[in-house]
Amino acid sequence: MAQSRPDPFAILSKRVQAWESCPRIPGCDKAMWRQDADGRVIRWADFGDRFSHYGWEMRMRPSTGLLGRTFHRQTVEAIHWRGVLGGDARDVFDLPRAA
């Protein structure tokens, strides 16, 4: 029986989609630096790195539109790894926040 492995191109396209949905930081390279919905700074190269100050992951969120709710669609968003764990501003690291 053949094992089903995730398609690497599908994973990369989801990662790009999540990255493009993040707000840009004025004065910073938009291909390298963004901020998540909570204002935490993330870096493209630090995807999946929980040892980095700027590491981030993807999270699936239900769509808010009428069609999205009807068809149970989900949107992907980028979130700092501390946000995934439920961290707040009183973390051990002093996380930089975008202005």
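The numbers here are math on the coordinates, done by the rules we state, and not lab data. What you are looking at is a predicted structure, and each value in this text was computed from that prediction instead of being measured. A quick note on method: Cβ atoms are made from the backbone with ideal geometry, for glycine too, and the neighbour counts reach across all protein chains shown.
Between Gln17 and Asp29, with labels modelled 7 Å along Cα→Cβ, what's the label distance in nm to one decimal, could you check?
Distance between label points: 2.7 nm.
What's the exposure ranking of Cys28, Cys22, going from fewest to most Cβ atoms within 10 Å?
Listing Cys28, Cys22 from fewest to most nearby Cβ atoms yields Cys28, Cys22.
Give me Ile11, Ile25 sorted ascending by neighbouring Cβ count inside 10 Å, so fewest comes first.
Going from sparsest to densest Cβ surroundings: Ile11, Ile25.
I want to check the label-to-label distance for Val76 and Ser52. Put each point 7 Å from Cα in the C-beta direction and report it in nm to one decimal.
My value for the distance between the label points is 1.6 nm.
Using the number of other C-beta atoms within 10 angstrom as an exposure proxy, rank His53, His80 with the fewest first.
In increasing order of surrounding Cβ atoms, one gets His53, His80.
If I model a spin label as a point 7 Å beyond the Cα along the Cα-Cβ vector, how far apart are those points for Ala45 and Val84 in nm?
Here the modelled spin labels are 2.0 nm apart.
Can you compute 3J(HN,Hα) from phi for each residue in the range 14-24, using the Karplus curve 6.51 cos²θ - 1.76 cosθ + 1.60 with θ = phi - 60°, rounded to whole Hz and x for Gly and Pro?
With coefficients 6.51, -1.76 and 1.60, one gets 5, 5, 5, 4, 5, 5, 5, 7, 7, x, 7 Hz.
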